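Take a look at the structure set out below.
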Amino acid sequence: MNSKRGFSSVVFTLVVLFFYLPLVILILFSFNHSKTMSWGGLSFRWYEELFFHSRTLWNSVFNSVIVALSSGLISTIVGTLGAVGISWYDFRGKRMLQVAGFLPLILPEIIIGVSLLIFFAGIKLKLSLFTVFLAHTTFNIPFVLLMVTARLEEFDFSIVEAAYDLGAREIDALLRIIIPLAFPGILSGFLIAVTLSLEDFVITFFVAGPGASTLPLHVYSMIRFGVSPVINALSVVIIAATAVLALSAGNVFKYIVRK
Amino acid sequence: MRRNAGPLYVAPLALWLCCFFIVPLGIIALYSFMSKGVYGGVVHRFSFGGYTALFNPLFLTVTLTTFLIAASSSVITVLLALPAAYFIARSARKNLWLFLVIIPFWTNFLIRIYAWIAILGNNGFLNSLLLATGITSHHLQFLYNKYAVLLVTVYTYLPFAILPLYSTIEKFDFSLLEAARDLGATVSQSIFRVLIPSIRGGITTAILFTFIPAFGSYAIPQILGGSDSLMLGNIIARELTVTRNWPLASSIAMVLTVVTTFGVVLFIRLNRFQTVTTAPEAFTAGGVDGDEQ
Amino acid sequence: MKGSSIRTEKISKRFGSFEALHDITISINKGEFFSLLGPSGCGKTTLLRIIAGFENPTAGELYLDDREILALPPNKRHINTVFQNYALFPHLSVFENVAFPLRLKKTGKRQIQTTVEEYLDLVKLTAETNKLPQQLSGGQKQRVAIARALINQPSVLLLDEPLSALDAKLRQHMLIELDAIHDKVGITFIYVTHDQQEAISVSDRVAVFNAGKIHQIGTPVEIYESPADGFVAIFIGETNFITGTVREMADNGYALIDTGPIGSLIVNADKKVSIGDTVKMTVRPEKINISAEDPQQLAAHVNVLRGSVEEIIYTGFQSKYFVNVADTLFRVFKQHINCRLNEKSISWKDRAFIWWSADDGYMVEVVHR
């Protein structure tokens, strides 16, 4: 191996350490008896606190899941149909729609949060979990659009023409050909949408109403009071949950790719 | 002849984007040209007030800080990402390494920020360690300054730089490096004259993917920053919720929007130029009559 | 069988300012194997897509079995297509690809089973029933596409450059099989290709296209032996062109043309000409004889020229000679019917005699005086 390879492996190792060290420390100190970040003996008290004495936290988890699933579903439907239309049809204003569907991906989150806040105030829609759902669906749609469009681009339109040629109506082509073909794209679009929704802090911060706290909002309010070992315990639970989900999603993905 | 079902498919998309993206953005654009109300909000009277206020030294400083933090974090990120991506692309176990890079970022964004608070905070891991080992005798302030913001920004956006760099380096034909060496280039010459120019597209993508979100950053400076690291995002939020100067909040938002859009358009132009010079057939294929075999 | 299957009436198609098709009028007979032949971008695929229903013509009419069908969407036309890239559904097995049209019609399970098997048998693909398209070779994909397009028992089968993605050997083989399938099912085949060999080897009739216009419609023999114009002559095989002015007309259907330095040539007056007209005539290279010695005892109406051999390309079954006659290069193809070693050979730079019968020369362009 040449020297460049040696240099790059050193940098890569450092990068991986940089990525994982904070998480490892978090995990370690979730089992710490002391309330501070100095070691005070092994203990599960923060897990007990997390699971049995953190009702508002679990309430925010519930809110997050509701918003993630509903906005994931709606954005997947709207985004998938839009991707089919944009990929395989010509219509007036297509170019503009493509730009409008791409712009939310690149604009800073705060712009979307602020503009929606002002918009909701303008139409006198009270901030609630529903406005969070509307906002999350809005920033999720472009991701679904992107994923499904990328998948559809792998196929030639002649496949759809073949379906019509063989007697398919519009709806037959959609249900029997287009959706099954686009399915890996649709699924990954949905997964990304759910992940982004669970993850979002900035936009939610602006559009969430009182009592509509999501998990990131709740964590934010806890962070403002400094180090809390309950968050350490929560982090471990989240890391474990994402690892399990990631592995199973990885398997699902492998299955789809093989297909 | 088949009826065109295109509009039917895109109708929900167009409607949703119109209602919840274009109209709200339009409202901000409109508000940025209006006057501030006495008790906050806006008065429907035309004014450049929102924009003239931007030339206040405070906002100029904030804009400069925002630009410097975004630019330096994207430079550091790309400098780290380049060798890391190169290593992954040349490794036999690409998928494992990629997985390793992505996994930490499936944990919650705020948890990742919290991890740094737990390490760098006044009662954090590092301070405890320093005190326990007797290196220092009092708590050190690591957080609430621009270096903390820079560190966590790099931490957050590093994977977004590694992935596009990886995918371009992976496509690079490494026999070209051998050809360069064969023609008399040194290792570093072959890298700087052959590899780097060939993966220019990936580098610009990586810079874009880190600079743009960092420029519009809100949460990281809000949580980890101090008075030396106020960014435009924080000012928008403050003007919107605390000062309630909506025209000013809107005009800053417009500045962010315009800068971001300009950056992306520039990027697309650069990249399109590249695709035209490398793959002209992409523009001639799919012509009127598909007779070509 | 009688009557027309597909008939187009003055079909034109414009894409913006580009005229892809201009006044196309064709009548294709029932059960005919009809080819649309032309170079890339000549409009043949556009015509096929109009017949299938994927494009609307700018003007004109389209009849299937004497019924105007332009208003019908592709799924309502009794016409099916074999696509250039096969367009197999990648998520469906071979069986399900072929069964697709029947499933749409809600055909019974048992009926589907037997019909699909019958058609897979027709294209000799019974062994690959459960494979997915990406597990098939190019030729096998081709067969699936054909079976799938035939299972609805269409009145017309459209084939869009179906062999272009196959290698040369497989192409020959599939062509023969396609012909056999055509004989078996007996429906009209409309075959689009840019390959003149394919077109003339299997078609009943061929329409030669260029730049959106039809240059000639005829049997393969007609378009080869009696091309309507210079484009057809050069597009269907190699040829020689000679231009001259008509000097004399004979009563028996021959004309004598003056070609300047080459001399006077006798040519079949298959077009109306009169003395003084300028004509471009063509003679196929294989119709020309070549020898080192002067061919003395010849029948009447034979043109004999003398030149020097500029180039010889030996290809095994034949040799191609390029003979310079007064600065005009003639291509002459000589079949090696007898063993070449025994012949008195002609070599590079030799003087040689070439000659052909007046009946083998045709006029392709006439400029009347």
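The values are calculated or read from the model by the stated rules, or taken from the named source; none is laboratory data. Bear in mind the structure is a predicted one, so any value in this text is a computation, not a measurement. Here the Cβ is made from the backbone with ideal geometry for all residues, glycine too, and neighbour counts use every protein chain on show. Remember, those area values only see protein heavy atoms, side chains included, never the ligands or the DNA or RNA. Shrake-Rupley method; radii C 1.70, N 1.55, O 1.52, S 1.80 Å.
Just a few scattered comments:
- Among the protein heavy atoms, those of C:E238 account for about 70 Å² of accessible surface (1.4 Å probe, every chain in place).
- Principal axes of the protein assembly as shown: Cα extent on each, largest first, Å: 124, 68, 64
- Shielding by other protein chains, B:210-220, mean Cβ within 10 Å: 4
- At 1.567 mPa s and 4 °C, Stokes D of the range A:8-47 from Kirkwood alpha-carbon radius, µm² per second: 113 µm²/s
- Projecting the Cα atoms of C:F241, C:Q142, C:S12 onto the charge dipole of chain C, computed from C-beta unit charges around the Cα centre, puts C:Q142 farthest toward the positive end.
- A:L14 versus C:D23: modelled label distance in nm, points set 7 Å from Cα along the beta carbon direction: 7.7 nm
- Mean accessible surface per residue for chain C, computed with a 1.4 Å probe while every protein chain stays in place, in Å²: 45 Å²
- Each Cα pair under 8 Å and six or more residues apart adds its sequence gap; the mean of these over the residue count of chain C is a relative contact order of 15 percent.
- Lys/Arg +1, Asp/Glu -1 at C-beta; the range C:61-102 dipole; positive extreme among C:H91, C:L64, C:N75: C:H91
- Interface C:B - total buried accessible surface [probe 1.4 Å, Å², rounded to 100]: 1100 Å²
- Greater than 22 Å apart at Cα, pairs in C:K10/C:K44; C:K30/C:K109; C:K30/C:K76: C:K30/C:K109
- Annotation for A:R95 and C:D167: the two label points, set 7 Å from Cα along the Cα-Cβ direction, are 4.5 nm apart.
- Computed from the C-beta positions of B:L30 and B:D228 and an R0 of 25 Å, the FRET efficiency is 0.15 to the nearest 0.05.
- In the range B:59-91, comparing the full protein assembly with the chain on its own, the residues that lose 20 Å² or more of accessible surface at a 1.4 Å probe are B:L80, B:P83, B:A84, B:Y86, B:F87, B:R90.
- Along principal axes, Cα extents of the range A:1-132, largest first, whole Å: 66, 57, 25
- A Förster radius of 25 Å, combined with the Cβ-Cβ distance separating A:W58 from A:V24, puts the computed FRET efficiency at roughly 0.45.
- Degrees separating the helix C:109-122 axis from the principal Cα axis of chain C, which is the longest one: 20 degrees
- Label-point separation, C:A250 to C:A127 (7 Å along Cα→Cβ), nm: 6.0 nm
- The smallest convex shape that holds all Cα atoms of chain C, its convex hull, gives 186 Å³ per residue.
- Residue mean of other protein chain beta carbons inside 10 Å, B:126-139: 1
- Burial order of peptide ranges C:103-115, C:15-27 (average beta-carbon count within 10 Å, highest first): C:15-27, C:103-115
- Peptide C:103-113 has a mean of 1 when you count, residue by residue, the C-beta atoms of other protein chains within 10 Å of its C-beta.
- Projected area, mean over directions - the range C:300-369, Cα convex hull, nm²: 6.6 nm²
- Calculated from the alpha-carbon coordinates, the range C:172-241 shows an Rg and a Dmax of 12.8, 42 Å respectively.
- Residue order for C:Y314, A:Y220 - accessible surface, 1.4 angstrom probe, largest first: C:Y314, A:Y220
- Ellipsoid equivalent to the range A:54-258 - semi-axes via the Cα gyration tensor, in Å: 36, 22, 13
- Accessible area buried between chains B and A, both sides summed, probe 1.4 Å, in Å² to nearest 100: 7500 Å²
- One equal scatterer on each Cα of the range C:240-367, no solvent, Debye formula: the resulting log10 I(q)/I(0) at q = 0.09, 0.13, 0.18, 0.20 Å⁻¹ is -0.26, -0.54, -0.94, -1.11.
- Orientation-averaged projection of chain B equals 25.4 nm² [convex hull of Cα atoms, one quarter of hull surface area].
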